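What follows is a single structure, written as structure tokens, with notes after it.
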Amino acid sequence: MSAQDLAFYYLSFAMILSGLFTVFSRNPVHAVLSLLVLIVHQAFMLYLLGSEFLSAIQIIVYAGAVVVLFLFVVYLINLQKEARFRVFVRRFSLGLIFFILFGFLFVKYFVLIFSMSTGLRTLLPIDPTSSQALKMMARYLFTEYLFQFELIGVILLVVVFGTVFLLRKVKEERVG
Amino acid sequence: MQFQLNLNLVASEIILILISSLIFLVDRFIKNKVYAFVISLLTLVFLNFLIFFIPFGKFTYSYSVDFYSSTVKLFLIFGSILLVFVYYNFLQDYQKLNYGEVYALTLFSLLGASIAVSAMDFITLYLGIELLSIPVYFLIATNAVYDKKNVEGSLKYFVVGCFSSVLLWLAIGIIYYQCGTLEFKEVFFNSAQLPNKNYIVFAALILIAGFSIKMALVPFHMWAPDAYQASPIPITAFIAGIMKLAVLSALVKVLMVSFTPVRVEVRELLIPIVLLTILVGNVMAIKQDHIVRMLAYSSVAHAGYAFLGLISAEFYGYAFTIYYMVIYLFTTIGIFAVLTYLARLDQDYMMIPNLSGLSKALPMVSFLMLVFLFSLAGVPPTAGFMAKFYLFLSLIKGGQIIVAILAIVFSVIGAYPYLRVLKVIYMDPLPAEPSKVSYGLTFFIPSFVTLFLIIILGIFPDYVSSFIQRTFYLYLSLLYFHF
Amino acid sequence: MNVTVVLIPALPLIASFITLIFGKRYFKDKAHVLPVLSLFGSFILSLFVLYDVIQGRTYNFDLYSWLVAGSLKVGLGFQVDPLSAMMCAMVTSLSFLIHVYSIGYMHGDPGYYRFFSYISLFTFSMLMLVLGNNLAQLFLGWELVGLCSYLLIGFWYEKRSAANAAIKAFVVNRVGDFGFALGIFMVFYYLGTLYYTEIFEKLPSIKTAYIEILGYEVYVPFLIAFLLFCGAMGKSAQFPLHVWLPDAMEGPTPVSALIHAATMVTAGVFMVSRLSPLYVMSDEAMAMVAFVGAFTCFMAATIAPTQFDIKRVIAYSTLSQLGYMFMACGVGAFSAGMFHLFTHAYFKALLFLGAGSVIHAMHHAPDPNDIRYMGGLKKYMPITYATFLIASLSISGIPGLAGFFSKDEILAMAYFSPYPWGKAIWLIGLIVAGFTAFYTFRIFFKAFHGEFRGRSYLHGKEPHESPKVMTIPLILISIGAIFSGWLGIPESLGGGAHFQKFLEQVVYHHEVEITDHTLEYGLMVLSVVAGLIGISLAYLIYVKNPRLETLFSSNFKKLYKFLYNKWYFDELYHYVFVVPTFFLARTFVNLIVDTFVIDQTVNGSAKATTSFGSLLQRIHNGIINYYLWGIILGLILYFVVYYYLS
């Protein structure tokens, strides 16, 4: 089993686990944090699959923006105090165990991967230094998959419109 | 193959985007919402004609205008035209919901529908279905400010819809893994050469499961009654009629083009679910007292009937599936037009027992109900009977005699809920003379056009059914000829 | 000429629709005009057509094709040949007279226009059934007839018993129709067509076809014949689907006459005769037809003498006579069966309309149908008396009247038939002939002779003869009841058996050479004697010595009760079918409802949550979980099938 395989299995396992945490944790804050863990692992997975661009996007957009927004929302809606803090503290020990476990594995395998500094670049599907991935993606997005690309734009537009519509109604109701 | 960006092909889609965005932009400044109705109506009527002039061809690799998609779009847009009247009729009395955005979101959803049926690869298909669904989530929640039930219905539908998307993605992943492409025809050619087709069957299974959620097959159906009941009446009609037709047409296209090599396996997969759907949908409809809930379960059962054509695993069966859904679309629009009228009256006519003796007070409305319910029940002189008949016929021709017999038996059970409503309307005494509201042209147009269609297509069913059949043959022959 | 054929059913249909739509507001008590005129028109047209057919011109054309799907073509087509032309003439003539009669009978009824609209529609349906050139159209007419009978039996739907009887008729017929539909489906499956002519052409191809059902090899023609016969049993009220017919008496009397004489019940016999080449392919099918007919014939004849409702007695006599027709079919004498159908139509319509006339006069009595309140009506209602007498004599098989010739034809055919069960059928027919005469004259004597027993209910008034509009049809029909049999006088009596020869152009017939005329005369004498014995027995008991009336009921209590309760068939069906069905339906529905957790959400919506937070919670641990469980269940189901496949 090569290092790449090991990394793949670790990441998959961690993603499934954190996904389950996201779904089953009773505390919304935990859920959002588990989601963050999931997304970070996902980013590494993408990297492992050779698209370092997507990996970076994943970290920046999802981990950096979306999940933070989620957290804001969770804090904004009126949660019980204990849900926000006490339960979190009570399960701190469990969290610590997982943190150590994950951290250990995480460090171990990535040290392992990056320690093979010479061989690694050839192992990866796309050489990160001479990145073709971004170019390829761009070319596909604007030629062959142009239609889908535009379509996603329309979908986002609809979502914005819809949200504005619902909020507009809420607002008008409050005013009138 | 030459890569094409011929904007003429997507003219109707561009018009839909522009018009609905326009409505979004100006709605805040116009108090009288009739404008939205007029604009939507004119747009749709225009598109209905435009469909005939759009040349056949492909926009990139993923979007094709062909016999199949144009035909289905024709029915979708025609249905939407009728539905827009129902919208108007409904919103007149529910001023709190009377926003131009309701029309605009519907147009967006229609856009999604038209993309889904024109899709030539799986990603476009997926995106089309998402675009079809997302506006509907908002539409169900239209009334959110006044009624939390609507938000609940909307959110439930959303969660279930996400599940459906997940399944679709899983299927798409497997297909890509097996065939190395996502284009429908290439999937067909690549999968036909595979020595072991188990993965393709598996992908078809997951894909069908995803579509089963959208089509509300049993046991994927539980969202349907809640969502139907939570939505405003015309939007229920949209979900039950237009959405189902679009989703099913997309599925038929995929099965017909990509999964032809595993047609027989797909049929075997569908048999138990479809029979269960027809049975449970019909039996559950019996118990309902709320007429929309009853129609929701009936819609579940009717989706089951439509799938019978897929069980035949023959192209004419597929054609009859579409035919059945088209007839169901007309019937649904008709019956919801009537319900919209009833909802405008003071009495709570949504509960079936309250319809007691309606025939004495509102004979015309009762007669419309009679015809539409007969069509749903499959009573002979109506189009509903013919559509069912064609499906059973295709089953028999496909050699599925036992399935046909079971389906016939279940459809006998299925007549009961409708006859029950009719019994209440026609046989029971009238408690008190209800208040009346004038009908108006916006009531007459959708209800009588559908009435006319249902009766005419019951007496002369050949015109539309052979039209659809011919469409299928032409489509398929061109598809493989031009590869 | 095609137009003429199309017009025959079209006229009543148009009249029916116009009357239904405009009747309430515009025609009111003139609602009968259009249906009566249209029926008269149909009658005249069908006479023209009949004349044409006698001249040897037949028609077979498609009006329009309803649907074409592959090799299946279903259209509206007309086939006019001796069989359908004869039926057509019979149906229109009787229906016309019954329409006229109804003008008097239904006078003043609030649903006057509705009634005329329905019976016109009924006639239309029957004509469609008769004239069609394919099985699909036969089925269409079949269903329409069922629907109309439902509407007409339940015409007075405020009356609970009438509504129940209507539902009973509908449901029982549905059972038969299910078999019938399956039969049509089998025909299409094996022969690939639904057109009579093509079916007959292709019949040899299934001569040796067998199908395996539950491990048994079943002969395909038998299976088809059996399934189709299920429908015939329903429509023609043969055992075991006979229970609806006596209850159908709840409808207005003209309806009973129409159902029993001319239209609905004859459909089964007509169908069997129409498809006679199919039936004769399988001896088992013939035996089935014969014995079902014989059993019904006998059973009904034993029940009839114990009933007191005048219409019910006549209803049982219909059952019994229909049994005769099937017996005839079952011994291969289809034309004899059709002949009896033809003559029976007249004398049975006459009996019913006569009974209607009596009921009309008795409508003050607590139960106007009960013969125990009647008696001595002879002097008040001379015309009704005379016509009723003609009908009774005719049904009893007194020589010279219509019933004699047709019944005798059946008995002779049974006796000389090549089938081994012919003699047994003949014996049953002979016994039943005696019974028939007995119970017919029982009601005849009870109603028209002796003392009038219902005087106390008439408030000093005398019962009176019915208006002319009712008596004239009676007289006209009685002409049919006397002379219709003369069309088929057998050769041994110096006639030409024209009727049978006319029909044998299209229906199957065995070449039976009756060489021994002495034996035939002997058979005739036997059947006449049986009838005379029945009549004299009735005379002895009900006129001469009324004390004897209770002789049977008091000495054979058990048997009498058994017969009085119609062999307990209603109760049997109630406990065997109705109760378990209701039980199953209820448990089944409840089971499914509970399993699939349905109406929680209705309660849920009622206590709709107010804040978004609790809403979120609701979705979290609320009902949506069930949805997802449903989805997972569905996936598992798919996986199971997938696993099973691979």
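Calculated [222 nm] ellipticity per residue, helices only, for chain B: -25500 deg cm²/dmol; basis is -39500 (n - 2.57) per DSSP H run with n ≥ 4, divided by all residues, nearest 500. In this simple spin-label approximation, C:Ile533 and B:Ser438 carry label points 7 Å from Cα along the Cα→Cβ vector, and these lie 8.1 nm apart.
The mean number of Cβ atoms from other chains found within 10 Å of a Cβ in peptide A:140-152 is 6, as a whole number. Over the alpha-carbon set of the range C:2-100, divide Rg by the Kirkwood Rh and report the Rg/Rh ratio to two decimals. Looking at the range C:2-100, the ratio lands at 1.07. Mean per-residue shielding of peptide B:206-219 is 3, counting Cβ atoms of other chains within 10 Å of each Cβ. Working note: Karplus 6.51/-1.76/1.60 with θ = phi - 60° gives the range B:280-297 the couplings 5, x, 5, 5, 5, 4, 4, 7, 7, 9, 8, 5, 5, 5, 4, 5, 4, 5 Hz, where Gly and Pro are set to x.
With contributions of -39500 (n - 2.57) from each DSSP H run of at least four residues, the per-residue ellipticity at 222 nm computed over chain C stands at -22000 deg cm²/dmol.
Listed values for the range A:140-156 are Karplus-derived 3J(HN,Hα) couplings in whole Hz (6.51 cos²θ - 1.76 cosθ + 1.60, θ = phi - 60°), namely 5, 4, 9, 10, 5, 9, 4, 4, 5, 4, 5, 4, 4, x, 4, 4, 4, and x replaces Gly and Pro. Of the residues C:Ile153, C:Ile535, the one with the fewest other Cβ atoms within 10 Å heads the list, and the complete ranking is C:Ile535, C:Ile153. Shielding of peptide B:130-137 by partners, expressed as the average count of other chain Cβ atoms within 10 Å per residue Cβ, is 4. Taking packing as the residue-averaged number of other Cβ atoms within 10 angstrom, the listed peptides B:372-384, B:439-451, C:189-201 run from highest to lowest as B:372-384, B:439-451, C:189-201.
Protection proxy ranking for C:425-431, B:406-412, C:93-99, using the average of other Cβ atoms within 10 Å per residue and placing the highest first: C:93-99, C:425-431, B:406-412. Taking Cα centre as origin and charging only the Cβ of basic (Lys, Arg, +1) and acidic (Asp, Glu, -1) residues, the dipole magnitude of the range B:7-480 rounds to 260 debye. Per the Debye calculation on the range B:1-113 with a single equal scatterer at every Cα and no solvent contribution, log₁₀ I(q)/I(0) for q = 0.11, 0.15 Å⁻¹ amounts to -0.38, -0.65. Over the C-alpha atoms of the protein assembly as shown, the Rg to Rh ratio, Rh being the Kirkwood estimate, stands at 1.06. Highest mean packing comes first when the peptides B:101-107, C:294-300, C:632-638 are listed by Cβ atoms within 10 Å, giving B:101-107, C:294-300, C:632-638.
Exposure proxy shown here: for B:Thr124, C:Thr263, C:Thr518, B:Thr71, the number of other Cβ atoms within 10 Å sets the order, fewest to most, as C:Thr518, B:Thr71, B:Thr124, C:Thr263.
Just the Kirkwood number for chain C, please: inverse of mean 1/r across all distinct Cα pairs, in Å, one decimal. Hydrodynamic radius (Kirkwood, Cα only) of chain C equals 26.4 Å.
Ordering C:Thr587, C:Thr123 by the number of other Cβ atoms within 10 Å of each residue's own Cβ, fewest first, gives C:Thr587, C:Thr123.
What is the Cα centroid distance between the range C:332-401 and the range A:1-24, reported in whole angstrom? Cα centroid to Cα centroid, the span is 92 Å. Pair-distance distribution P(r) for chain B, from all Cα-Cα distances in 10 Å bins starting at 0: 4, 21, 32, 27, 12, 3, 0, 0 percent. Only Lys, Arg, Asp and Glu carry charge here, each on its Cβ (+1 for the first two, -1 for the last two); on that basis chain C has a dipole of about 2020 debye about its Cα centre.
The orientation-averaged shadow of the Cα convex hull for the range C:164-267, equal to a quarter of the hull surface, comes to 7.7 nm². In sequence order, the range B:423-438 has phi-based couplings of 4, 4, 5, 9, 9, 7, x, 8, x, 8, 4, x, 5, 10, 10, 5 Hz under the Karplus curve 6.51 cos²θ - 1.76 cosθ + 1.60, θ = phi - 60°, and Gly or Pro positions carry x.
For the range A:1-83, the mean projected area of the C-alpha convex hull, equal to one quarter of the hull surface, is 5.7 nm².
Read the figures in this text as sums done on the coordinates, not as results from a lab. What you see is a predicted model; the values in this text were computed from it and never measured. All Cβ positions, even for glycine, are placed from backbone atoms using ideal geometry, and neighbour counts span all protein chains on display.
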